[in-house]
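Notes for the one structure printed next.
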Amino acid sequence: MRAKLVVGNWKMHGSLAANRELLRALVAGLPLAGSTEMAVCVPFPYLAQAQEMLAATPIRWGAQNLSEHSGGAYTGEVSGAMLCDFACRYAIVGHSERRALYGESDAKVAAKFLAARAAGLTPVLCVGETLEQREAGATLQVVYAQLDAVLDAAGAAGLSGAVLAYEPVWAIGTGRTASPAQAQEVHAAIRARVEARDAVLAASLPILYGGSVKAQNAGELFAQSDIDGGLVGGASLVVDEFLAICQAANC
Ligand code: PGA
């Protein structure tokens, strides 16, 4: 059985003072979260704070993006090696906000995935369709294209030890969650797509669901056979919600 993982995506939220409160409360509430592996992906400037406050705890931390380059004249960019200087475990790649707002193509996302692997980070690769694409019946076509770009670049073996996240764009920050059955259907299709290349890898690959995950819907989502936890935005900033989501992953 695959272990459950819950990753918080803080997006561009936080301050030193607010993070201190939030991280302290998460650490204090850890027994509530049980044995679920928990991580927070914080804005770059707060990585040092996350490292300092979480190093001695079971909570891991990571970044929300990284450069596809290992170094050089790339003003404003952050490399995988820099993230490793702060002992990050995770780097989210291909989040739909990066794809839509910063023009990240499937090829760029694949390059970022490879950069994360090369640095020794665990990429959390996000895939997902827009509402328009879903309504046009193109969900799997879109998700497969996003996934195949990485499978082709990294090879199936390159996905070993990585994490996937299915995040339907229409469910992100909208309060509109995919139903457990809708999410399970796409998760199973993603796993089957990977299975076609490497069955052993597919069986062990964690596939998280993201998009308006809350304490109230987490249990039902995580009970689906191909949903291995969550990538949580808004609710990861609310201590009781995030702890309850992690608790739901234990059941
Ligand atoms: P949400 O965001 O939980 O606020 O919908 C999820 C995400 O964007 O990763």
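For this structure, a couple of remarks:
- With the simple spin-label model, which puts each label point 7 Å out from Cα in the Cβ direction, the SER160 to ARG2 separation comes to 1.7 nm.
- Amide H within-cut-off set for GLY210, under 5 Å, with H built and near neighbours excluded: TYR166, GLU167, LEU231
- Cα convex hull of the chain, projected area averaged across orientations, nm²: 12.3 nm²
- Accessible area per residue for the chain, computed on protein heavy atoms with a 1.4 Å probe, is 42 Å².
- Highest-first arrangement of 193-202, 239-248, 90-99, where packing means the average Cβ count within 10 Å: 90-99, 239-248, 193-202
- Two tests apply to each whole DSSP H helix in the chain, Cα reach of 30 Å or more along its axis and mean Kyte-Doolittle hydropathy of at least -1.0, and none passes both.
- Protein accessible area in the stretch 5-249, 1.4 Å probe - carbon and sulfur %: 55 percent
- Within the chain, helix-based [θ] at 222 nm, where runs of 4 or more DSSP H residues each add -39,500 (n - 2.57), nearest 500: -13000 deg cm²/dmol
- Positive contributions from Lys and Arg (+1) and negative ones from Asp and Glu (-1), summed over other residues with Cβ under 15 Å from the Cβ of HIS13, come out at -1.
- Of VAL150, VAL238, VAL124, the one that fluctuates the most in a GNM where the chain has Cα springs shorter than 10 Å: VAL238
- Database remark: amide H of VAL93 closer than 5 angstrom to the amide H of VAL124, LEU125, CYS126 (H placed geometrically; neighbours at sequence offset of 5 or more, or on other chains; Pro and chain starts carry no H).
- Using R0 = 25 Å, the C-beta based FRET efficiency linking ALA188 and ALA118 works out to 0.25.
- Rounded to the nearest whole Hz, the Karplus-based 3J(HN,Hα) values (6.51 cos²θ - 1.76 cosθ + 1.60, θ = phi - 60°) of the stretch 165-175 follow the sequence 9, 8, 10, x, 4, 5, 9, 7, x, 9, x, with x at glycine and proline.
- Whole-angstrom Cα spans of the stretch 103-150 along principal axes, big to small: 38, 18, 16
- For the stretch 5-249, share of DSSP beta bridges that run antiparallel, in % to the nearest 5: 0 percent
- Cα centroid separation, the stretch 159-221 to the stretch 92-149 (Å): 13 Å
The values are calculated or read from the model by the stated rules, or taken from the named source; none is laboratory data. Quick caveat, the model's predicted, so the values are computed rather than measured. Positions of Cβ are backbone-derived with ideal geometry, glycine not excepted, and every protein chain shown enters the neighbour counts. In case anyone asks, the SASA skips ligands and DNA or RNA and just uses the protein heavy atoms, side chains included. Shrake-Rupley method; radii C 1.70, N 1.55, O 1.52, S 1.80 Å.
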